[in-house]
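Since every read-out is calculated from the coordinates, none of them should be taken as a lab result. Everything numeric here is computed off the predicted structure, so don't read it as measured data. No Cβ is skipped: glycine too gets one built from the backbone with ideal geometry, and neighbour counts run over all protein chains shown.
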Amino acid sequence: MLKVVSILCRPGKMDNYAYLLIDENTKTAAVLDASEADPVIRECERQNVKPQFLLNTHHHFDHVEGNLELKSLFGAKIVGAAADSDRIDGLDIGLVDGDVFMIGDCEANIMSADGHTLGHILWYFPKEKALFTGDTLFNLSIGGLFEGSPEQMWKTLQKIKKLPDDVLFYPGHEYTAYGLSALQGKNGEKYAQKTKERLAKGYSAAPVSLGEEKMCNPYLCIENCQDFCRMFE
């Protein structure tokens, strides 16, 4: 069983989320998208774990800046896309689309996700029904196209839409507030109410099921690539 602990980094600035992943059977631990070291170290101490892996979705500094300090402290291996081998410092293990990576007994499927960047990957744990989307999919929005094209992002989102509705997704930032104004209908009202209650209590809006997100995220509701691409003209 995979335990997921959200770690807020850069609060009030970029509102990143790193995630501490713990296989509760083997006690193997990993950190995904270590934006900065200090909050990650504190959470590892609270959970009494020593991460063996530092997982990455993409190379942007606000997702990797804690890697080298954590690698030095814990002796952990840095894992990310092979395409980012020259853009993620200290990368030990490079992965490509379709690879499988194990966190203890928990199996992660690697999915290419060009759009926000070229070489972005998603970490999908099918048995645990967990998806870590980095800066590809946020609550009610998507990541900006820094390197990829609208067509590439469209293809990536179609991969996500094909995953089961009961999969929970964990984004790389707390950007939910930006998308609340676009919500419409009863499904949108439920999503907004639940989100506002969670945020008011100091929790993250995530995780949300992909089923909910497919109904409420305007970028996932578009039915064809042509209409999607028009949004970026």
Largest fluctuation, PHE138, PHE61, PHE125 only, Gaussian network model of the chain with Cα springs under 10 angstrom, belongs to PHE61
Plugging the Cβ-Cβ distance of TYR178 and GLU223 into 1/(1 + (r/R0)^6) at R0 = 25 Å yields, to the nearest 0.05, a FRET efficiency of 0.65
Between the modelled labels at SER6 and GLN193 (7 Å from Cα along Cα→Cβ) the distance in nm is 2.0
Ordered by fewest other Cβ atoms within 10 Å, a rough proxy for footprinting exposure, LYS194, LYS13 read LYS13, LYS194
So, with points 7 Å from each Cα along the Cβ direction, the ASP38-MET102 label distance in nm works out to 3.8
From the Cα centre of the range 128-176 to that of the range 203-233, the distance in Å is 8
GNM on the chain, Cα springs under 10 Å; top mean-square fluctuation among GLU65, GLU189, GLU223 goes to GLU223
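Want the number for GLN47 to LEU73: 0.36 nm per residue separation, take away the alpha-carbon distance, what's left? Before the final figure, lay out the partial values.
Working: separation 26, 0.36 × 26 = 9.36 nm, distance 1.62 nm.
The span from GLN47 to LEU73 would gain 7.7 nm if fully extended.
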Length-normalised contact order of the chain, Cα under 8 Å, at least 6 apart, in percent, tallies to 14
Using the Kirkwood radius over Cα pairs of the range 2-230, the Stokes-Einstein translational diffusion coefficient at 20 °C and 1.002 mPa s, in µm²/s and rounded to a whole number, is 122
The lysines whose Cα lies under 26 Å from the Cα of LYS161, excluding any fewer than 8 residues away in the same chain, are LYS3, LYS127, LYS129, LYS186, LYS190, LYS194, LYS196, LYS214
Computed, not fitted: 222 nm per-residue ellipticity of the chain from DSSP H runs ≥ 4 (each -39500 (n - 2.57)), nearest 500, equal to -8500 deg cm²/dmol
So for the range 1-96, using the alpha carbon gyration tensor with a ≥ b ≥ c as root eigenvalues (a/c under 1.5 gives rounded; past that, a/b versus b/c decides prolate or oblate), I'd call it oblate
Place a point 7 Å from the Cα of GLN158 in the direction of its beta carbon; the residues of the range 92-135 whose amide N falls under 16 Å from it are 112-115
Listed with the fewest Cβ neighbours within 10 Å leading, CYS229, CYS216 appear as CYS229, CYS216
Between the modelled labels at ASP92 and SER209 (7 Å from Cα along Cα→Cβ) the distance in nm is 3.7
